[in-house]
């Protein structure tokens with residue numbers, strides 16, 4: 001993995017959010033890192049520059065080349081987190097050497113930081129993934145990870161203030177809004193932006209759904225965006241995933257797109273048009289499907305969700321009231337006489353829900369048929385013809401319980417028998 005961003009702050013933000021920290025957690029941690037080191041990975045504690053007679057650069061190079069051998073025991077704070085204790089500096093040194101990198105390498109330190117959090121400070125990491133305020137995240141880091149001598153209320157406020165600055169810069173008022181308890185903002189996975197004029201402005205309902213679509217063509221991300229630039233088209237989506245797996249922002253996530261033939265659904269859903277084949281079953285290629293999984297996980301994570309659910313039934317899905325940590329998958333075909341998202345994707349909706357939920361660290365609730373609809377409608381139709389699903393009302397009941405549309409399966413059966 002290589003860091004992305006124009007400066008250290010942007011690179012650190014992108015790394016932390018990609019690693020699973022929510023926007024409050026990333027900001028709270030960054031505020032503390034700034035207080036410790038100014039976000040400089042080669043930073044040597046100022047008092048030790050005088051004591052050792054070394055600059056930041058000289059100290060780093062001397063440790064790297066072995067001419068200074070007291071790095072572990074000198075009690076000098078060093079790096080982003082100003083690692084000081086012997087065991088932690090030993091860990092950083094060994095980790096950098098295992099990567100064949102300088103101890104002052106930014107990416108190496110971020111990787112080591114996350115390693116420490118995930119192995120030795122799990123309660124802190126859990127807070128950084130689920131925090132609902134910068135202050136809560138900042139205090140978790142200050143009091144339970146950095147643990148400086150001065151942990152006073154004034155220090156807590158100062159560090160949280162630094163964190164709030166990063167929140168406002170990278171996830172704040174320009175890109176984020178509160179809505180029904182959810183946090184919405186542009187995904188860091190976006191590669192290009194082609195904004196559409198076709199939307200209804202700010203959402204009026206809480207964000208709790210994701211609706212994947214098939215664009216019916218192997219288009220680039222920019223081309224998908226270009227489909228919605230004309231006002232006469234009267235259609236749009238929040239994101240488009242091109243045939244090469246690149247992501248286009250088309251309607252800001254905090255706005256309602258015109259995508260699903262249902263105003264109510266679009267008010268609650270992030271809508272995603274995906275490059276696909278032009279003919280049945282409208283298959284996605286591997287790059288598109290993999291990016292769809294990543295994008296859905298990112299949407300859920302930034303909005304504090306741990307589970308993505310697929311019920312395979314329109315009424316059950318639309319009647320379900322998601323818990324605060326849940327989102328629900330819906331499909332265009334439920335609201336219009338269209339095959340969207342195509343049988344290829346429809347048969348994988350349960351798999352999509354499972355893969356995203358696994359990335360979020362959640363679990364599929366008992367009784368949710370998230371894994372049922374994994375075969376295509378055509379495959380199920382063949383099984384129906386073979387008698388594997390029974391007949392009459394019993395067949396209908398079994399198909400719907402497994403997450404399939406009875407009418408779609410029956411239509412496929414009729415086509416096969418012609």
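Things to note:
- Within region 138-173: backbone nitrogen closer than 20 Å to the residue 50 label point (7 Å, Cα to C-beta): 149-150
- For the chain, the pair-distance distribution built from all alpha carbon pairs, in bins 10 Å wide starting at 0, is 5, 20, 26, 20, 15, 9, 4, 1, 0 percent.
- In the chain, the calculated helix contribution to ellipticity at 222 nm averages -13500 deg cm²/dmol per residue, counting -39,500 (n - 2.57) for every DSSP H run with n ≥ 4.
- Tilt relative to the chain, helix 392-401 - C-alpha long axis, 0 to 90 degrees, to 10: 10
- Backbone N atoms of region 249-265 closer than 19 Å to the 7 Å Cα→Cβ label point of residue 234 belong to residues 256-265.
- Within the chain, DSSP assigns beta bridges of which about 40% are antiparallel (rounded to the nearest 5).
- Cβ-Cβ FRET estimate between residue 67 and residue 130, R0 fixed at 41 Å, reported to 0.05: 0.40
- Whole-Å semi-axes of the ellipsoid equivalent to region 197-266 (Cα gyration tensor, √5λ, descending): 20, 13, 11
- Ordering of 59-69, 262-272, 309-319 by packing [mean C-beta count within 10 Å, highest first]: 262-272, 309-319, 59-69
- Under 15 Å from a label point set 7 Å out along the Cα-to-Cβ vector of residue 261, the amide N atoms of region 231-255 belong to 235-236.
- The ratio of the alpha-carbon radius of gyration of region 58-144 to the globular-protein estimate 2.2 N^0.38 Å is 1.19.
- Taking the longest Cα principal axis of the chain as reference, the axis of helix 153-170 is set at about 50 degrees.
- Here region 238-298 is described by how far its Cα atoms reach on the three principal axes: 30, 25, 17 Å, from widest to narrowest.
- The spacing between region 238-316 and region 85-120, judged by their C-alpha centroids, is 37 Å.
- Cα gyration tensor shape of region 247-351, rounded if a/c is under 1.5, else prolate or oblate by comparing a/b with b/c: rounded
- As a rough guide to protection, the peptides 101-108, 83-90, 293-300 ranked by mean Cβ packing within 10 Å, highest first, stand as 293-300, 101-108, 83-90.
- Based on C-alpha pairs under 8 angstrom that are at least 6 apart in sequence, the chain has a relative contact order of 12 percent.
- Gyration tensor (Cα) of region 8-174, equivalent ellipsoid semi-axes in angstrom: 27, 16, 14
- Packing rank of 248-256, 124-132, 279-287, 26-34, where each peptide gets the mean count of other beta carbons within 10 Å, highest leading: 26-34, 248-256, 124-132, 279-287
- Rg and Dmax [Cα atoms of region 1-48; Å; Rg one decimal, Dmax integer]: 11.6, 35
- Per-residue Cβ neighbour rank within 10 angstrom, fewest leading, 241, 224: 224, 241
- Once the chain from residue 101 to residue 407 is taken as fully extended at 0.36 nm per residue, the excess over their C-alpha distance is 104.2 nm.
- Ellipsoid equivalent to region 179-374 - semi-axes via the Cα gyration tensor, in Å: 23, 19, 16
Each value in this text was obtained by applying a stated rule to the coordinates, not by laboratory testing. Predicted model, so just to flag it, every value in this text is computed and none were measured. Every residue, glycine as well, gets a Cβ built from its backbone with ideal geometry; the counts of neighbours run over all protein chains shown.
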